[in-house]
Amino acid sequence: MRLFHSPGSPYARIARMAVIELGLEDRVVAEEATLRDPSSVLLPHNPVGRVPTLVLDDGTAITETTAVLTMLDSLVEPARRLLPGPEKPRALAAYGRVLGALDGIAVWNRELRRPEHERSPGVIALEALRAVRVTDALEQEAARGGFAARDAGWFALVSLLGYCERRHTAFAWRQGRPALAALFDAAQARPAVARTVPPTGMGSAAPPLR
């Protein structure tokens, strides 16, 4: 199997970390792809042109983070799977909140990559407010002991914060959020995290998110 990714994509990073964490590197080969590029190696497999894309041995291309994680989870025994099931509604809800925050920050970042005269101040203000609101809620959850399990929500959270730390520095996420900062800093020693650190960069030259 092949996992197409872009080094700067926080969505693809979640899948890349999952491959390492689940011990699937002998079965899933990571392959870098350009995005928004008509000659990208990804397009013959996935006309959507987004990452992560997992191409199975029979050529089936699975795209979008949760769908990719579902397939990766199917390759390991149930006890090791990363996606929370319906029997863990709070963990599933936390995962959804993190993805919601990531989606909002993706929109915010995309606006900042536009030429200044093309940016929407209203969209930027809305997404900046959403980012503060959701990360404040995630801070409270982490302070209460949430995200203790290294499940999909934990990896998504690390990817979200890592993206803000290195590629979306317009959001000072550490300010007033010591529990998130401690979780993120401690996570850096984990192999799946350390081996997938995104490159730095922001602005119009930054690669697309997905």
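We did not get these values from a lab; they are worked out from the coordinates using the rules stated. Just so we're clear, the structure is a prediction, and the values are computed from it rather than from any experiment. Cβ sites come from the backbone with ideal geometry, for glycine too, and all protein chains shown count toward neighbours.
For region 82-98, what does the Karplus curve 6.51 cos²θ - 1.76 cosθ + 1.60, with θ = phi - 60°, yield as ³J(HN,Hα) per residue in whole Hz, taken in order and with x for Gly and Pro? With coefficients 6.51, -1.76 and 1.60, one gets 8, 6, x, x, x, 6, 10, x, 5, 5, 5, 5, 4, 4, x, 5, 5 Hz.
Taking the Cα centre of region 56-210 as origin and charging only Cβ (+1 Lys, Arg; -1 Asp, Glu), how large is the dipole, in debye to the nearest 20? List each step's numbers first, then the result.
Values: 20 positive and 17 negative charges, 78 e Å.
Charge dipole, region 56-210, about its Cα centre: 380 debye, nearest 20.
Most simply put, the chain has about 60% antiparallel DSSP beta bridges, counting only bridges with both residues inside it.
Projecting the Cα atoms of ASN46, PRO78, ILE105 onto the charge dipole of region 41-114 (Cβ charges, centred on the Cα centre) puts ILE105 farthest toward the positive pole. With 0.36 nm allotted per residue and the present C-alpha distance subtracted, the ARG110-ASP57 stretch has 15.7 nm of extension available.
Packing order of peptides 158-168, 42-52, 121-131, 18-28, highest average first: 158-168, 42-52, 18-28, 121-131 (average count of other Cβ atoms within 10 Å over each peptide's residues). Across the options ALA187, MET1, THR66, the greatest Cα extent toward the positive end of the charge dipole of the chain (unit charges at beta carbon of Lys, Arg, Asp, Glu) belongs to ALA187. Most tightly packed first, judged by the mean number of other beta-carbon atoms within 10 Å of their residues, the peptides 187-194, 96-103 read 96-103, 187-194. Dividing the mean sequence gap of close Cα pairs (under 8 Å, 6+ apart) by how many residues the chain holds gives a relative contact order of 28 percent. Take every DSSP beta bridge whose two residues both sit in region 2-80; close to 60 percent of them are antiparallel.
The helix-only estimate of mean residue ellipticity at 222 nm for the chain, built from DSSP H runs of length n ≥ 4 each weighted as -39500 (n - 2.57), is -15000 deg cm²/dmol after division by the residue total.
For semi-axes √(5λ) of the Cα gyration tensor in Å, the value computed from the atomic coordinates appears in the list [x] 47, 22, 16; [y] 26, 24, 14; [z] 29, 19, 15 under label [y].
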